[in-house]
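Working notes, structure below.
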Amino acid sequence: MTDTLFRLDGQAAIVTGGGRGLGRAMALALAGAGADSVVVARREDDLAQTVAAVQALGRQCHAVAGDVADPATATHAVEAAVREYGRLDILVNNAGAYAMGPTEATELEVWHRILEVNLTGSFLFAKAVIPVLKAAGRGKIINLASILGRTGVAEAAAYCTAKGGVILFTRSLAAELAPHGIHVNAIAPGLFNTDMSAGVFDNPAFLEQIMAGIPRGQHGEPEDLAGTVVYLASAASDHLIGQTLHVDGGSSIA
Ligand SMILES: NC(=O)c1ccc[n+]([C@@H]2O[C@H](COP(=O)([O-])OP(=O)(O)OC[C@H]3O[C@@H](n4cnc5c(N)ncnc54)[C@H](OP(=O)(O)O)[C@@H]3O)[C@@H](O)[C@H]2O)c1
């Protein structure tokens, strides 16, 4: 039984922010477990690279270019999954945006945008997939939070607020959808080496400070999320509802 517990053969996923970074790594992990995917981001060249990488693993992948804050993008992604694969099983709400700076200097547009991409985008995609998952009587929704959505840090109020919102959105949605066989959980990554965290990796003193707080002694690489996303997308996690898994080398336990 355990040899098929983590398999996703024949299933179909939507991965937002699948153009690069953690989203691309998770699309590849899902493909490795047998799932086809629709990847969503704004940059078509990035999406084309993810499509080629998934196809190289022998699975299908289609790109939908668009902004996750636009409701039409979610509609297009669901239509693409149903048209290309005839089904939809998994949503990974991964697209995210980060901003730093003192709160009094944060423009209202920036505040709105960070909430819109990280939180409202997750709502819009969940809203779009729920009818399809309900009709199937099963499904998995995986939201990307952050350890910063749990602890809060100075000068990242919009991002921390948005990610804290993602954690509560996950719990609320999980309670609402579990009776329909739809399982909702979140991943809260610690520091991972992607474009989003370039500002940390380009600042040796800041990087050293963060590394000192990671018990494992190393930051994450995108591939370090592979096991977690396959677990949350598969039958292996069927009794896990509304949880946020901190994948952070232990930084959140300190
Ligand atoms: N890296 C970390 O250390 C870290 C830690 C904790 C949590 N996270 C979270 O993990 C997720 C992935 O982060 P990452 O590090 O992989 O980021 P990344 O390297 O910046 O990649 C973000 C992806 O999301 C897409 N995206 C951004 N804004 C979008 C929008 N408005 N509409 C559609 N797509 C959009 C980007 O493509 P386009 O720009 O082409 O649209 C890109 O494909 C995010 O939710 C992030 O907050 C990351």
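Tell me which of these residue 86 doesn't satisfy, since it passes every other one: (1) at positive phi; (2) near the ligand (Cβ under 9 Å from one of its atoms).
(2)
Quick one: would you say residue 120 is within 23 Å of residue 79 (Cβ to Cβ), at pLDDT 95 or above and within 13 Å of the ligand (Cβ to nearest atom)?
Values: within 23 Å of residue 79 (Cβ to Cβ): yes; at pLDDT 95 or above: yes; within 13 Å of the ligand (Cβ to nearest atom): yes.
For residue 120, the condition - within 23 Å of residue 79 (Cβ to Cβ), at pLDDT 95 or above and within 13 Å of the ligand (Cβ to nearest atom) - is met.
Looking at the structure I just gave you, is residue 116 among the charged types (D, E, K, R), surrounded by 16 or more Cβ atoms within 10 Å (Cβ to Cβ) and in a helix (DSSP H, G or I)?
Numbers: among the charged types (D, E, K, R): yes; surrounded by 16 or more Cβ atoms within 10 Å (Cβ to Cβ): yes; in a helix (DSSP H, G or I): yes.
When the stated conditions are applied, residue 116 passes them.
Given the conditions (1) open to solvent by 30 Å² or more (accessible area, probe 1.4 Å); (2) without any contact (Cβ under 8 Å) to a residue 60 or more places away in the chain; (3) away from the ligand (no atom under 15 Å from the Cβ); (4) more than 19 Å from the chain's Cα centre (by Cα), and given that residue 157 satisfies all but one, which numbered condition is not satisfied?
(3)
Would you confirm whether or not region 128-148 contains a residue that is within 10 Å of the ligand (Cβ to nearest atom) and in a helix (DSSP H, G or I)? Spell out how you get there, then give the answer.
If we filter region 128-148 for residues that are within 10 Å of the ligand (Cβ to nearest atom), which is where we start, we get 143-148.
Filter once more, keeping what is in a helix (DSSP H, G or I): 148.
Yes, because at least one residue in region 128-148 is within 10 Å of the ligand (Cβ to nearest atom) and in a helix (DSSP H, G or I).
Contact list please: Cβ distance under 8 Å, first residue in region 7-32 and at positive phi, second residue part of a helix (DSSP H, G or I), pairs at least six apart or on different chains.
17/23; 21/195; 21/196; 21/222
Scanning for something touching a residue at least 12 places away in the same chain (Cβ under 8 Å), open to solvent by 10 Å² or more (accessible area, probe 1.4 Å), among the aliphatic types (A, V, I, L, M) and assigned to a helix (DSSP H, G or I), does region 99-113 turn up at least one residue?
Restricting attention to region 99-113, the residues satisfying the condition of being touching a residue at least 12 places away in the same chain (Cβ under 8 Å) are 99-103, 106, 110-111, 113.
If we keep only those that are open to solvent by 10 Å² or more (accessible area, probe 1.4 Å) too, we end up with 99-103, 106, 110-111, 113.
Those left that are additionally among the aliphatic types (A, V, I, L, M): 99-100, 110.
Now narrow it down to the ones that are assigned to a helix (DSSP H, G or I): 110.
The answer is yes, given that some residue of region 99-113 is touching a residue at least 12 places away in the same chain (Cβ under 8 Å), open to solvent by 10 Å² or more (accessible area, probe 1.4 Å), among the aliphatic types (A, V, I, L, M) and assigned to a helix (DSSP H, G or I).
Scanning for something at pLDDT 95 or above and more than 30 Å from residue 135 (Cα to Cα), does region 174-187 turn up at least one residue? Can you show your working first?
Quick first cut of region 174-187, residues at pLDDT 95 or above only: 174-187.
Adding the requirement that they be more than 30 Å from residue 135 (Cα to Cα) leaves none.
Scanning region 174-187 turns up no residue that is at pLDDT 95 or above and more than 30 Å from residue 135 (Cα to Cα).
The values are calculated or read from the model by the stated rules, or taken from the named source; none is laboratory data. Not measured: the values here are computed from a predicted model. Virtual Cβ from ideal backbone geometry, glycine too; neighbours counted across all protein chains shown. When the accessible area is computed, the model is the full protein with side chains, heavy atoms only, and any ligands, DNA or RNA have been set aside. Shrake-Rupley method; radii C 1.70, N 1.55, O 1.52, S 1.80 Å.
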